[in-house]
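To start, the structure itself, in structure tokens.
The values are calculated or read from the model by the stated rules, or taken from the named source; none is laboratory data. All values reported here derive from a predicted model rather than from experimental measurement. So basically every Cβ, Gly included, is an ideal-geometry build from the backbone, and we count neighbours across all protein chains shown.
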Amino acid sequence: MTVRTPSSRIPSARPSLTPAARFRRTFVPLALCAGLTVGLTACGADPDEGTNGVGRLPASEIEREARTAAGTAKAVRLSGTLVSKGGTFKLNMRLKRNGGAGSVTTKNSTFELLRVGDALYLKADAGFWTHEEQGDDKPSEADTEAADKLDDMYVKVPSDDPSYKQLRGFTEMNQLLSGLIGLHGDVVKGDRDQIGGVRTVKVKGGPDGEGGTLDVALEGSPYPLQFARGGGAGLVVLTEWDTDFPLTEPGREETLDYGRQLPRT
């Protein structure tokens, strides 16, 4: 009779992986994929899944879609900083087609504007009203008394006052939007981002954004949500699209007549 030694036994089949080993083999590659900088794209997912689809368009069409959305909106809030030859302005304005309301801050002062139709009102503190004369080191006693009466009161800006057109420009929705979200140069598509928790795609004027950079919403309507002007000339954020708000002229008890040409702003 032949006796089989242990070394002559037929090798057994490879033991199956333990649950822990199976977990490591499955989970680790997924974790590495999720951690890559390129993220979903590297793992084969569509970065435009669940969006409004404008991210798939060429840059020029994204810009066109944003302009169309802005052009059909009834209202918007515009806030941020603008730099021009005349100085730096900080804006916080709610705008709609027939008027607007909010505040403007310049180097020397802050004032509120309210426009209902063609009626334009300005409200400021007493300090604003004592700076009306260029070169005056100290306001007169009469000017100080008048300024105290005007403090925090609405003043209706006469339509023939030199300041009317300039001040009204801060309340014109079409004028501000067309001037603030215009890109210059050949437009190119930029990176994806988030503005206020909303996914966006950037469209740039020129490869480095020297002609401005516009963030367009990838969720809901393709509204422009942020615009960085080229050359560091300001940054504005656009929110509350199509959110209506009341516009009412102030009562007589809130209004005073300035009686002469308004101060330069």
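Of all residues being in contact with a helix residue (DSSP H, G or I) (Cβ under 7 Å, 6 or more places away or on another chain) and aliphatic (A, V, I, L, M) in segment 204-248, which is surrounded by the most Cβ atoms within 10 Å (Cβ to Cβ)? Just the residue, please.
Residue satisfying both the conditions and the ranking: VAL216.
I'm told THR105 meets every condition in (1) polar (S, T, N, Q); (2) more than 20 Å from TYR154 (Cα to Cα); (3) in contact with a Lys or Arg (Cβ under 8 Å, 6 or more places away or on another chain) except one. Can you identify the failing condition by its number?
Failed condition: (2).
Identify all residues within segment 58-79 that are of a type in the set (Lys, Arg) and either on the phi > 0 side of the Ramachandran plot or surrounded by 14 or more Cβ atoms within 10 Å (Cβ to Cβ) (or both); write none if there are none.
ARG64, ARG67, ARG77
When you go through (1) of a type in the set (Ser, Thr, Tyr); (2) within 24 Å of ASN92 (Cα to Cα); (3) modelled with pLDDT under 95 one by one for SER221, which number turns out not to apply?
(3)
Restricting attention to segment 142-188, which residues are in contact with a Phe, Trp or Tyr (Cβ under 6 Å, 6 or more places away or on another chain) and either closer than 30 Å to GLY230 by Cα or not in a helix (DSSP H, G or I) (or both)?
Correct list: TYR154, VAL155, LYS156, VAL157, LEU180, ILE181.
Take the residues in segment 103-124 that are out of contact with any helix residue (DSSP H, G or I) (no Cβ under 7 Å at 6 or more places or on another chain) and surrounded by 18 or more Cβ atoms within 10 Å (Cβ to Cβ), then tell me which one is nearest to LYS74 (Cα to Cα).
Taking segment 103-124 and keeping what is out of contact with any helix residue (DSSP H, G or I) (no Cβ under 7 Å at 6 or more places or on another chain), we get 103-108, 110, 112, 114, 116-119, 121, 123-124.
Going one step further and asking which of them are surrounded by 18 or more Cβ atoms within 10 Å (Cβ to Cβ), we end up with 104, 114, 121, 123-124.
Values: VAL104: 22, LEU114: 17, TYR121: 22, LYS123: 25, ALA124: 28 Å.
Of everything passing the filter in segment 103-124, LEU114 is nearest to LYS74 (Cα to Cα).
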